Amino acid sequence: VIGIVVDVGVTMERTLAEALRGNLRQRLYRWMSARRGDVDLPLSWSFDRYRAEVTLERLTERVRREPVDARLDLLQHERIDDQDGQELDVWATIGFIENGDREPDAVFGIRTRPVPARVTSAMLTDVDVSRVLAAFETKFKGTKHGRGRNVAKAAEYLNETIIAPGQVISFNDLVGPRELERGFHWAPVIIRDELAPGIGGGTCQVASTLHAAAVYGLLDVVERRSHSRPSDYAPLGLDATVIYGEVDLKLKNPYDTPLIIHAFLADPKTLRVEILGRDAPGEIEYGYAVRKVEDFYRRVTVKRWLDDRRVRRQRGRKGIDIISVVKVVPPGGKRRVASQYYSGYKPVPEVFWVGPAHDEELPELPEGAEGVEYEDIDPQSATARDDT
């Protein structure tokens, strides 16, 4: 299994050479001893490095232990030290096996090498939590409802994250799956351009608030997608949608010092995200320009339980494409463009639900609407979603 096999050819040659050694009487004695099973000739072994490598590669995940980053507990005001992980050193292990014993009961230990944490305790000595690189706040409705509780829970998972110099963080990795077992609740999400019940609604507000703080802190935005529609809680271009396993927000620390994220509820209806560890690079200016506006349409969906009634489920909204521009004015320096990026918000359809017996004319199309789409399905049964 680990590449050590009997070399049959060499073993046979040695056996034959031993059988022919000496005079006739000696050879006859060895022959009779062999028939009784009294002869014990050592086996010859060969080592297949490729076979050993394949076997050891299968063990890498079982041997690997992830490192634990150091962190600061902002509530308890204490530092949690880092812990190195480990990984299998395949080639050192192969060398050990190749040069090891060849006894039947020989044991070969694996060789490992440490995997250092990305954030070390030494780094944290440079994190001055009194220095605010950037901060952003958004409002939400109440804390007793599912959305507010999801905002608080996602912020809790995000809080105290350390970003080492050059490190890329993933919002989905930090916050994790939005599941009831992990403290998330039912709240409205966007499914096929319509609000519908879902688990984790409100998580996107935390991602948007983090993204806005990152923009004002001049972090590198590695991956980000705008919502399908403008958000009520964030200006155009500063929002970010996330869907676990599908759409992520990824940020990179471009500075030579570590940063720490402080995500918390400044009051029962306000989410605040601060990026701490260094001073702001200057005065940051954010703005956007509209590139294109697109008309929306009316969607009419048959709901059998409505009988002969109708419900205006959602008002329409035009689509809009924008270019965001971030400028920085360093202390004593000249204004310069720090970054530009694109955001596209799709048209939001005006939605009517009607019963199968409804026979009245629907109202005229509102301004900005063009065309009508009819369907006989339940949008809430679709799987495509855009968290809100």
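Structure above, values below:
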{"quantity": "FRET efficiency, Arg131 to Val329 (Cβ-Cβ, R0 25 Å, nearest 0.05)", "calculated": "0.85"}
{"quantity": "In nm, spacing of pseudo-spin labels at Lys269 and Arg79 (7 Å Cα→C-beta vector)", "calculated": "4.1 nm"}
{"quantity": "Paramagnetic reach from Lys141 (point 7 Å along Cα→Cβ, amide N under 17 Å) across region 183-202", "calculated": "185-191, 194-202"}
{"quantity": "Phi-based couplings in Hz for region 305-313 (Karplus 6.51, -1.76, 1.60; Gly and Pro marked x)", "calculated": "6, 7, 6, 10, 9, 9, 9, 7, 6"}
{"quantity": "Cα-projected label distance for Asp359 with Lys318, points at 7 Å along beta-carbon direction, nm", "calculated": "3.9 nm"}
{"quantity": "Within straight-line cross-link reach of Lys292, aspartates and glutamates at Cα separation under 15 Å, skipping those fewer than 8 residues along the same chain", "calculated": "Asp321"}
{"quantity": "Mean Cβ neighbour count within 10 Å, used as a protection proxy, ranking 145-152, 108-115, 349-356, 91-98 highest first", "calculated": "145-152, 349-356, 91-98, 108-115"}
{"quantity": "P(r) of region 81-190 over all Cα-Cα pairs, binned every 10 Å from zero, in whole percent", "calculated": "10, 24, 22, 19, 13, 8, 4, 0"}
{"quantity": "Heavy atoms of Ile162 accessible to a 1.4 Å probe, total area in Å² rounded to 10", "calculated": "10 Å²"}
{"quantity": "Separation of the Glu246 and Glu181 label points, Cα + 7 Å toward Cβ, nm", "calculated": "2.2 nm"}
{"quantity": "Whole-Hz ³J(HN,Hα) from phi, Karplus 6.51 cos²θ - 1.76 cosθ + 1.60, for region 219-236, glycine and proline x", "calculated": "6, 7, 8, 6, 8, 6, 10, 6, 5, 6, 9, x, 9, 6, 9, 9, x, 3"}
{"quantity": "C-alpha center-to-center spacing [region 173-189, region 262-336] in angstrom", "calculated": "22 Å"}
{"quantity": "³J(HN,Hα), Karplus 6.51/-1.76/1.60, whole Hz, each residue of region 49-66, x for Gly, Pro", "calculated": "5, 5, 4, 5, 4, 4, 5, 5, 4, 5, 8, 4, 5, 6, 7, 5, 10, 5"}
{"quantity": "For His262, solvent-accessible area (1.4 Å; no DNA, RNA or ligand), Å²", "calculated": "40 Å²"}
{"quantity": "Amide hydrogen neighbours beyond the local backbone of Gly85, cut-off 5 Å, H modeled", "calculated": "Val68, Val115, Ala117"}
{"quantity": "Solvent-accessible area, 1.4 Å probe, carbon plus sulfur percent, for region 146-292", "calculated": "49 percent"}
{"quantity": "Rounded to whole Å, sorted largest first: equivalent-ellipsoid semi-axes of region 245-388, Cα gyration tensor", "calculated": "45, 20, 13"}
{"quantity": "Stokes-Einstein diffusion coefficient of region 190-275, Kirkwood radius over Cα pairs, 10 °C, 1.306 mPa s, in µm²/s", "calculated": "114 µm²/s"}
{"quantity": "Accessible-area value, Lys303, 1.4 Å probe, nucleic acids and ligands omitted, Å²", "calculated": "10 Å²"}
{"quantity": "Protein-only accessible surface order, largest first, of Asp128, Asp376, Asp173 at 1.4 Å", "calculated": "Asp173, Asp376, Asp128"}
{"quantity": "5 angstrom amide H check on Ile243, placed H, neighbours 5+ away", "calculated": "Asp248"}
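The values are calculated or read from the model by the stated rules, or taken from the named source; none is laboratory data. What you see is a predicted model; the values in this text were computed from it and never measured. Neighbour counts are summed over all protein chains in view; Cβ atoms, including those assigned to glycine, are modelled from backbone coordinates with ideal geometry. Areas reflect the complete protein model, heavy atoms only, side chains present, ligands, DNA and RNA absent. Shrake-Rupley method; radii C 1.70, N 1.55, O 1.52, S 1.80 Å.
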